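Since the structure comes first, as structure tokens, the remarks are kept for the end.
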Amino acid sequence: MKRLILTALLGAALASPAWADAVASLRQFVQEVKSGRATFTQTVSSPDGARKRSTEGRFEFVRPNRFRFDYAPPMAQHIVADGQKVWLHDPDLDQVTVRAMGDALGATPAALLAGGSLDKDFTLKALPDRDGLQWAEALPKARDSQFQAVRVGFRGKDLAALEIVDSFGQVSVLSMRQFEANVSLAPERFRFTPPPGADVLEQ
């Protein structure tokens, strides 16, 4: 009986670090990965999971506070953070929305990429491994956050997935491909000039 108990305890001790490593991987990612880029597929599901839509895209970031998301047609959209402002360009509407970085970023999923303060803005928790990935969950501390949780999936030390649950229960999953860490990215990638004739809305 003692041997069985010891075996069970040893098994639990050996198994638990796999979960805990996900939070360590997230902390290490924020501390050590100063830039990165990847292509992704984003799937958005309704709260009941009945409706889904997918789109392809590419993202790049450089710490601190510079990132870029480019979504491919037919849902083309460009989101560019230049360190001071966040620009959202909708080509179909020929419209650009501009917000100050502090107002747009805060405790958002983008803050995980752009260099936000993990412990200041989020409560971190390790989750069980799933789909061959290690998962960490970040819960926003701000009461007025527009999302409930963001779950970050790692394959080894590489960022592999983001799951974002918004305040309405809608789930967005970004599955990363070809993630490259600490790459050299041209500064102009994080500058945005509104196209001629586009409506520019400042918020």
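The values are calculated or read from the model by the stated rules, or taken from the named source; none is laboratory data. Small disclaimer: the values here were computed from a predicted structure and weren't measured. Backbone-built Cβ (ideal geometry, glycine too); neighbour counts: all protein chains shown.
Kindly provide the set of residues from the stretch 149-159 that are more than 10 Å from the chain's Cα centre (by Cα) and either among the hydroxyl-bearing types (Ser, Thr, Tyr) or at pLDDT 90 or above (or both), ordered by number.
Here is the first cut: in the stretch 149-159, the ones more than 10 Å from the chain's Cα centre (by Cα) are 149, 154-158.
If the condition is that a residue be more than 10 Å from the chain's Cα centre (by Cα) and either among the hydroxyl-bearing types (Ser, Thr, Tyr) or at pLDDT 90 or above (or both), then Ala149, Phe154, Arg155 are the ones that fit.
Name every residue in the stretch 84-107 that is surrounded by 16 or more Cβ atoms within 10 Å (Cβ to Cβ) and among the small types (Gly, Ala, Ser), in order of residue number.
Ala104, Gly106, Ala107
Among the numbered criteria (1) out of contact with any helix residue (DSSP H, G or I) (no Cβ under 9 Å at 6 or more places or on another chain); (2) modelled with pLDDT under 95, which single criterion is violated by Ala142?
That leaves (1) as the condition not met.
Could you give me the residue pairs with C-beta distances under 6 Å whose first residue belongs to the stretch 84-104 and is closer than 14 Å to Phe69 by Cα, whose second residue is of a type in the set (S, T, N, Q) and surrounded by 16 or more Cβ atoms within 10 Å (Cβ to Cβ) wherever it lies, and which are 6+ apart or on separate chains?
Taking only residues 6 or more apart or on different chains, the pairs are Leu88/Thr97; Asp90/Gln77.
Among the candidates Arg151, Arg191, Arg130, which residue alone is loosely packed, with under 14 Cβ neighbours inside 10 Å, out of contact with any helix residue (DSSP H, G or I) (no Cβ under 7 Å at 6 or more places or on another chain) and farther than 21 Å from Gln77 by Cα?
Values: Arg151 fails: loosely packed, with under 14 Cβ neighbours inside 10 Å; Arg191 fails: farther than 21 Å from Gln77 by Cα.
Arg130 is the lone residue from the list that is loosely packed, with under 14 Cβ neighbours inside 10 Å, out of contact with any helix residue (DSSP H, G or I) (no Cβ under 7 Å at 6 or more places or on another chain) and farther than 21 Å from Gln77 by Cα.
So Thr39 fits all but one of (1) more than 22 Å from Ala186 (Cα to Cα); (2) of a type in the set (Ser, Thr, Tyr); (3) surrounded by fewer than 16 Cβ atoms within 10 Å (Cβ to Cβ); what number is the exception?
(1)
May I ask you to say which residue of Phe69, Phe29, Phe59, Phe40 is more than 24 Å from Ser167 (Cα to Cα), of a type outside the set (Gly, Ala, Ser) and under 13 Å from the mean Cα position of the chain (by Cα)?
Working: Phe69 fails: more than 24 Å from Ser167 (Cα to Cα); Phe59 fails: more than 24 Å from Ser167 (Cα to Cα); Phe40 fails: more than 24 Å from Ser167 (Cα to Cα).
Matching residue, one of Phe69, Phe29, Phe59, Phe40: Phe29.
If Ala110 satisfies every condition in (1) more than 18 Å from Leu26 (Cα to Cα); (2) without any contact (Cβ under 8 Å) to a residue 60 or more places away in the chain; (3) of a type in the set (Gly, Ala, Ser); (4) surrounded by 15 or more Cβ atoms within 10 Å (Cβ to Cβ) but one, which is the exception?
(1)
Going through Arg68, Arg53 one at a time, which residue ends up being surrounded by fewer than 14 Cβ atoms within 10 Å (Cβ to Cβ) and assigned to a strand (DSSP E or B)? Show your work before the answer.
Details: Arg68 fails: surrounded by fewer than 14 Cβ atoms within 10 Å (Cβ to Cβ).
Arg53 is the lone residue from the list that is surrounded by fewer than 14 Cβ atoms within 10 Å (Cβ to Cβ) and assigned to a strand (DSSP E or B).
How many residues, within the stretch 84-131, are touching a Pro at 6+ places or on another chain (Cβ under 9 Å), over 19 Å from Gln146 (Cβ atoms) and at pLDDT 90 or above?
5
Is it true that Asp166 is surrounded by 14 or more Cβ atoms within 10 Å (Cβ to Cβ) and either of a type in the set (Phe, Trp, Tyr) or without any contact (Cβ under 8 Å) to a residue 24 or more places away in the chain (or both)? Please lay out each step first, then the result.
Values: surrounded by 14 or more Cβ atoms within 10 Å (Cβ to Cβ): yes; either of a type in the set (Phe, Trp, Tyr) or without any contact (Cβ under 8 Å) to a residue 24 or more places away in the chain (or both): yes.
Here the answer is yes, as Asp166 does meet what is asked.
So which residues in the stretch 50-80 are of a type in the set (Ser, Thr, Tyr) and in contact with a Phe, Trp or Tyr (Cβ under 7 Å, 6 or more places away or on another chain)? Full working, then the answer.
Taking the stretch 50-80 as the starting set, the residues that turn out to be of a type in the set (Ser, Thr, Tyr) are 54-55, 71.
Selection gives Thr55 alone.
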